[in-house]
Amino acid sequence: MTSPTKNLFKKTSSIKETVCTIITDNSQAVKVAEETIAYHRKQLESYIRMHKGFLYSLKPLEIVDGPEIVRLMTSASAEAGVGPMASVAGALADLAVEAMLACGAKTAIVENGGEVAAVSETPLDIALLAGDSPLSGRIGFSIENFPVGVATSSGVFGHALSFGEAEAVTVFAKSACLADAAATAVCNVVRGENLDQAIRSGVEKAWSIVGVDGVFIIYKGKVALAGKVPRLIDIWKGGNSPRKKKNRV
């Protein structure tokens with residue numbers, strides 16, 4: 001994630017498996033984001049030690065109590081119809097952005113493992129990364145409406161569990177937690193030799209999840225988008241970029 005705007009602060013932070021990039025206009029908000037992620041990770045780890053099923057479930061769970069991050073993940077997984085851990089990266093990003101805004105930040109962007117939660121005063125460019133797909137790193141999205149949550153799931157690239165076969169499913173939603181769970185759910189149903197039907201199934205699944213605004217799918221050479229998908233852009237590489245006054249992920 002890069003930030004060409006001079007007024008913004010940027011930091012990459014690692015806490016165990018969590019590797020995130022933080023961009024903000026408030027230097028104090030960087031520390032707040034790191035502390036928030038560390039706190040909620042610890043809360044989640046403590047909960048999982050007492051509730052092993054939360055870690056391994058591939059279906060939504062009914063949880064009445066529990067720490068805030070557990071409740072957020074449980075709610076998102078119920079909307080999408082997947083296990084709660086499918087939304088963990090997005091949930092941490094959302095909580096960090098919320099804390100950054102509370103401490104006075106006007107721009108608060110957190111990318112966690114490819115999932116993005118963002119509030120920004122300027123447009124945000126996000127690159128699409130999809131393994132060795134020909135489009136990976138070459139196209140992206142220019143986001144102008146905030147707050148937004150963005151998540152990408154792949155059935156063929158990366159280490160995350162997926163039952164689908166899509167090179168990439170990117171979901172735009174009201175929160176990164178929901179986008180994270182929804183991207184997994186949509187990717188799970190994009191499979192089979194009938195490419196049009198597979199993509200149609202993905203789009204239908206996306207529209208069944210309340211809070212999803214748009215979806216972008218790459219599957220075996222075909223590309224589909226539906227709903228409110230931000231403007232597609234070429235991703236510039238190397239040299240002097242002609243793009244000014246934008247944040248870039």
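The values are calculated or read from the model by the stated rules, or taken from the named source; none is laboratory data. Since we're looking at a predicted model, the values are computed, not measured. We place every Cβ from the backbone using ideal geometry, glycine too, and count neighbours over all the protein chains shown.
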If GLU121 meets every condition in (1) more than 23 Å from ASN26 (Cβ to Cβ); (2) touching a Lys or Arg at 6+ places or on another chain (Cβ under 9 Å); (3) modelled with pLDDT under 95 apart from one, which number is that one? (1)
Please enumerate the residues belonging to region 128-148 that are modelled with pLDDT under 90 and either closer than 19 Å to THR184 by Cα or of a type in the set (Ser, Thr, Tyr) (or both). LEU128, LEU129, ALA130, GLY131, SER133, SER136
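Report, by residue number, each residue of region 102-115 that is assigned to a loop (DSSP other than H, G, I, E, B) and among the charged types (D, E, K, R). Explain how you work it out, then say what you get.
Our first condition is that a residue be assigned to a loop (DSSP other than H, G, I, E, B); within region 102-115, this holds for 103-107, 113-114.
Scanning region 102-115 gives a single hit, LYS106.
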How many residues are within 24 Å of ALA173 (Cα to Cα), surrounded by fewer than 23 Cβ atoms within 10 Å (Cβ to Cβ) and small (Gly, Ala, Ser) if we restrict to region 47-82? 4
Expected single match for aliphatic (A, V, I, L, M), under 17 Å from the mean Cα position of the chain (by Cα) and at pLDDT 95 or above among VAL249, VAL212, VAL203 is VAL212
Considering region 225-244 alone, what residues qualify as being closer than 15 Å to ILE143 by Cβ and modelled with pLDDT of 50 or more? LEU225, GLY227, LYS228, VAL229, PRO230, ARG231, LEU232, ILE233, ILE235
